[in-house]
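Notes follow once the structure below has been shown.
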Amino acid sequence: MTAPLDDAALDQLFRTARTYNGYTDQQVTTEQLHAIWDLMKMGPTSANMLPSRMVWCVSDEAKQKLAACCMEANAKKILAAPVSVVIGMDLEFHELLPELFPHTDARSWFVGHEKAEFRRISALRNSSLQGAYFILAARALGLDTGPMSGFDNAAVDQAFFADQPNVKSNFISTLGYGDPSTIFGRSPRPGFDRFNTIS
């Protein structure tokens, strides 16, 4: 049986962790990006489909390209962050299922024009899960994130996935060492009884 995490770990992952609007000057290394992926890839997805396709914008050129697709407030955050990440989703994830889920013919579940919407929903759901794992992996490694919407999906797709028309953007996030001066008080988090039912 796995023991529960201690309070310090739970605080780092959830209770005191925050979404940051700005970061310190401390840089994020390529090794840290690999370490994030090596953790987040272990999170469960349906049939191990792993549909997320990540673009890690480290160079000024890449961040400028991404910022140009965003509303002004988000563009400023992207340009100032050490790293900004596009979390995309491969709508043809099923073609890799013989490799990723070899236990059965899972590819056949998604083949055919009539399954296009099923593939899209599956890619969206599971790349969103992977995006959440990205946030938790970054926090576990001592980094902070700023996940966001507020961008033109079509523009991001053209800028970063033009050579992969089967890949579409889901959401984006900044990444670095959070500057506490850039956040405001935590928004409300209602108790269990308000949004939950035990049936």
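The values are calculated or read from the model by the stated rules, or taken from the named source; none is laboratory data. No experiment lies behind these values; they were computed from the predicted model shown. All Cβ positions, even for glycine, are placed from backbone atoms using ideal geometry, and neighbour counts span all protein chains on display. Only protein heavy atoms, including side chains, enter the accessible area calculation; ligands, DNA and RNA are left aside. Shrake-Rupley method; radii C 1.70, N 1.55, O 1.52, S 1.80 Å.
Below are the figures for this structure:
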read-out	value
Any hit, segment 182-195, residues being surrounded by 15 or more Cβ atoms within 10 Å (Cβ to Cβ) and more than 25 Å from Trp37 (Cβ to Cβ)	yes
Single match in Ala154, Ala137, Ala123 (criterion: in contact with a Leu (Cβ under 6 Å, 6 or more places away or on another chain), at pLDDT 95 or above and closer than 17 Å to Met89 by Cβ)	Ala123
Test set (1) surrounded by fewer than 16 Cβ atoms within 10 Å (Cβ to Cβ); (2) over 16 Å from Leu50 (Cα atoms); (3) modelled with pLDDT of 95 or more - Gly146 fails condition number	(1)
In segment 122-143, the residues that are open to solvent by 20 Å² or more (accessible area, probe 1.4 Å) and within 20 Å of Thr30 (Cβ to Cβ)	Tyr133, Ile135, Arg139, Ala140, Leu141, Gly142
Of residues in segment 62-121 being of a type in the set (Asp, Glu) and open to solvent by 20 Å² or more (accessible area, probe 1.4 Å), the one nearest to the chain's Cα centre (by Cα)	Glu92
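For (1) open to solvent by 70 Å² or more (accessible area, probe 1.4 Å); (2) within 18 Å of the chain's Cα centre (by Cα); (3) closer than 28 Å to Thr182 by Cβ, each residue gets a yes or a no:
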site: Pro4; (1), (2), (3): yes, no, no
site: Phe14; (1), (2), (3): yes, yes, yes
site: Tyr20; (1), (2), (3): no, yes, yes
site: Ala35; (1), (2), (3): no, yes, yes
site: Arg53; (1), (2), (3): no, yes, no
